[in-house]
Amino acid sequence: MVKPGVTLAQLHDAAMEVIEKAGYGKYFIHFLSHTLNGGTADKPTSLGLSSKWVPTATNLVADKPLVPRHMFTIEPGIYIAEKNLGVRIEDDILVTKNSYEILTKDAPKEIEEIEKLMKEKTIHLIK
C-alpha cells in the first residue's frame, strides 16, 4: 500500500485489519509507525557520507498524504502480557516517486537468522 498519496493512518488501519483477522487485535497496542528524524530524506550527494539517504526535517503526520522522500517505520507489534510474549519487526521505509524502498531489507527477520547474528556479533561488556 505504500506509495505517494496514501497516509500513515490508512497504513495503520490496513495493518490493524490483518492483525484483527488473525485474532490478535487486542494485542496490537501502538501505532504502526513513526517518522525517521522528522520524516524526509535527501541523497547525500556531496556530503561525503557513506549512507544512501540522509534524513532531513519535515512535518509528517498520520493524516497527511505521503510524498516522495518521506521516511518512516512500519513496525506492527503484538504483545500478549498473559504469555509474557511480544513480537515487533521494524522496517524503515522511503517513499519513492511511484512506490517505496525498504531501507532495512537486508536486516535479519527470521528467528534462526537473528540467533546466528547474535552469536557472531555478541559483545561482552562485563567479564
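Only counting other Cβ atoms within 10 Å, I'd like 118, 71 sorted with the fewest neighbours first.
Ascending Cβ contact count within 10 Å gives the list 118, 71.
Give me the extension gain from residue 112 to residue 75: residue separation times 0.36 nm, minus the current Cα-Cα distance, reported in nm with one decimal.
Answer, rounded to one decimal: 11.3 nm.
Which ordering of 92, 106 is given by a fewest-first count of other beta-carbon atoms within 10 Å?
Listed from fewest to most nearby Cβ atoms, that is 106, 92.
Quick check on my link table: of 26/109; 21/119; 64/105; 21/109, which ones sit more than 27 Å apart, alpha carbon to alpha carbon? Before the final figure, lay out each step's value.
Details: 26/109 24 Å; 21/119 36 Å; 64/105 25 Å; 21/109 22 Å.
Among 26/109; 21/119; 64/105; 21/109, the Cα-Cα distance tops 27 Å for 21/119.
Just to be sure I understand the model, the point goes 7 Å from the Cα along the line to the Cβ. What's the resulting residue 105 to residue 67 distance in nm?
The answer from the label model is 2.5 nm.
For residue 20 and residue 85, calculate 0.36 nm times their separation in residues minus their Cα-Cα distance, and state this gained length in nm to one decimal.
Between residue 20 and residue 85, full extension yields an extra 21.6 nm.
Rule-based calculations on the coordinates, nothing more; no lab input. Since the model is a prediction, treat every value here as computed from it, not as a measurement. Here the Cβ is made from the backbone with ideal geometry for all residues, glycine too, and neighbour counts use every protein chain on show.
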